[in-house]
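Participant: Below are the structure tokens for one structure; questions will follow.
The values are calculated or read from the model by the stated rules, or taken from the named source; none is laboratory data. The shown structure was predicted, so the numbers you read here are calculated from the model rather than taken from an experiment. So basically every Cβ, Gly included, is an ideal-geometry build from the backbone, and we count neighbours across all protein chains shown.
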């Protein structure tokens with residue numbers, strides 16, 4: 001790109017001398033190649049705004065068709081010349097030059113709120129060049145699977161593969177790609193056996209967040225690829241979410257953005273306490289006020305409002321009911337192509353919204369977009385339980401548990417309890433609700449199904465103890481309330497006849513007041 005004779009551009013300690021095509025640090029010239037200098041001029045002329053990759057390619061290589069890797073090489077050269085913190089990668093968009101020194105964590109800014117992740121080429125440790133294709137394929141499978149998670153910014157294959165065969169410090173890669181997280185791995189073949197190892201690192205802290213290994217045979221090599229990719233997604237998602245929530249909690253209130261508020265709200269879903277649901281709703285409303293187009297914020301507001309209803313903490317006709325359906329439909333309008341949003345709102349569309357088949361269709365749409373969505377599998381299990389498809393409900397719970405065995409079990413196993421109750425397997429309900437209540441002892445839905453199952457099995461004394469606890473958790477709990485909740489709040493949730501009558505009869509037998 002020829003010099004246009006314009007005046008110099010200064011930033012921090014540096015000066016871009018466009019007339020003489022030189023980069024100066026004070027009075028000293030900084031060695032820089034011609035293409036790298038042209039990229040720098042384009043970024044500096046933008047005055048701190050993001051410059052798209054296509055725009056840079058057009059300006060630096062006018063009239064030529066070049067691969068994006070050429071631009072990446074020049075960006076790396078610029079970062080070496082300028083030092084840390086000056087050039088920020090905006091994943092999926094382009095690059096930005098800081099016009100003042102920036103020394104805090106670049107990756108935290110580069111994803112513009114959402115965490116960014118790169119999957120580095122898996123290393124072939126087999127000593128067998130024929131396995132190179134498998135190592136590359138494993139990397140691509142994981143990139144593809146991660147790309148379905150809308151809460152992550154995933155670096156494209158072309159950028160990740162520039163590091164193939166190179167030994168580069170993780171922090172440097174984080175700076176160059178603008179990511180917080182790196183997935184690395186290896187493939188080793190011995191005879192007809194293959195072992196795949198993977199790990200997730202937080203480049204900002206240098207800590208490993210997850211590591212695992214997987215074994216299989218050459219005969220099922222592609223099935224093994226799928227299994228590893230699914231397991232990696234199931235493991236990585238919750239760990240990144242946990243770290244990101246920690247980052248949001250450490251921020252001062254004045255600096256919070258809508259995404260931070262959503263992250264702060266998420267943990268309140270895991271605690272069955274009235275004040276936590278109230279705080280979750282407050283954070284979701286605040287996020288909506290800052291960013292009305294945040295589908296996740298609307299979905300969370302609906303979730304917390306429904307939690308208050310299902311626990312029996314609001315009176316029928318309370319204003320909280322209005323925040324169940326409206327925000328769910330708004331979230332669907334704004335994020336109908338986001339599998340996480342689809343999974344979150346499907347329950348509200350299906351039950352309080354009165355469209356069970358529509359809710360199930362949303363679950364299947366979410367799973368088509370992301371087959372490894374633990375949330376879609378879990379919420380789908382609930383809907384299939386109400387629909388009377390017991391075996392599919394249980395299968396979905398088992399699959400979700402394989403993907404993420406450490407979180408969400410209390411809500412997940414409530415679906416198992418509901419499925420068994422609908423099928424009349426009351427002893428199995430007791431096993432499932434015991435698992436739920438170990439994690440969430442005040443979870444009212446589980447207490448209701450457990451108390452009723454004891455009653456229907458004739459184990460009255462044990463059922464009375466559960467009913468007493470239920471009465472403390474949900475003040476004013478009655479058989480009439482339980483019936484109205486299933487028939488009115490959830491629009492006759494059970495599709496098999498007689499299930500609601502059985503629940504009410506079981507509660508009646510263990511002493512829950514009629515009205």
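Participant: Checking residue 221 against (1) within 30 Å of residue 122 (Cα to Cα); (2) not in a helix (DSSP H, G or I), only one condition comes out false. Which one?
Facilitator: Here residue 221 meets the rest and fails (2).
Participant: Now for a separate question. Starting from residues that are more than 18 Å from residue 198 (Cα to Cα) and in contact with a strand residue (DSSP E or B) (Cβ under 8 Å, 6 or more places away or on another chain), keep the ones in segment 128-164 and report whichever is modelled with the lowest pLDDT.
Facilitator: Selected residue: 128.
Participant: Can I ask one more? In segment 171-196, which residues are surrounded by fewer than 18 Cβ atoms within 10 Å (Cβ to Cβ) and either outside any strand (DSSP E or B) or in contact with a strand residue (DSSP E or B) (Cβ under 9 Å, 6 or more places away or on another chain) (or both)?
Facilitator: Residues satisfying the conditions are 171, 172, 186, 191, 192, 193, 195.
Participant: For segment 172-183, name all the residues that are at pLDDT below 85 and closer than 21 Å to residue 210 by Cβ.
Facilitator: Correct list: 177 only.
Participant: What's the total number of residues in segment 197-207 that are over 17 Å from residue 123 (Cα atoms) and surrounded by 13 or more Cβ atoms within 10 Å (Cβ to Cβ)?
Facilitator: So the count comes out to 3.
Participant: Which ones in segment 396-440 are surrounded by fewer than 16 Cβ atoms within 10 Å (Cβ to Cβ) and either at pLDDT 95 or above or assigned to a helix (DSSP H, G or I) (or both)?
Facilitator: Result: 398, 402, 424, 427, 431, 434, 438.
Participant: Could I ask something else about it? Considering only segment 450-467, I want to know if a residue exists there that is crowded, with 19+ Cβ neighbours inside 10 Å, in a helix (DSSP H, G or I), under 33 Å from the mean Cα position of the chain (by Cα) and at pLDDT 95 or above.
Facilitator: For segment 450-467, residues crowded, with 19+ Cβ neighbours inside 10 Å, in a helix (DSSP H, G or I), under 33 Å from the mean Cα position of the chain (by Cα) and at pLDDT 95 or above: present.
Participant: Here's something else I'd like to know. When you scan segment 10-74 for strands (runs of 3 or more DSSP E) that lie fully inside it, which ones turn up with 1 or more residues that are loosely packed, with under 15 Cβ neighbours inside 10 Å and free of Cβ contacts under 8 Å to residues at least 60 places away in the same chain?
Facilitator: 22-25, 28-30
Participant: Still on this structure, please answer the following. Just one of 121, 115 is out of contact with any strand residue (DSSP E or B) (no Cβ under 6 Å at 6 or more places or on another chain), modelled with pLDDT of 75 or more and closer than 30 Å to residue 261 by Cα; which is it?
Facilitator: 115
Participant: Quick one: count up the residues across segment 223-244 that are within 15 Å of residue 208 (Cβ to Cβ) and surrounded by 21 or more Cβ atoms within 10 Å (Cβ to Cβ).
Facilitator: 3
Participant: Tell me which residues, restricted to segment 327-381, are part of a loop (DSSP other than H, G, I, E, B) and either surrounded by 22 or more Cβ atoms within 10 Å (Cβ to Cβ) or in contact (Cβ under 8 Å) with a residue 60 or more places away in the chain (or both).
Facilitator: Across segment 327-381, the qualifying residues are 338, 351, 352, 353, 354, 370, 371, 372, 373.
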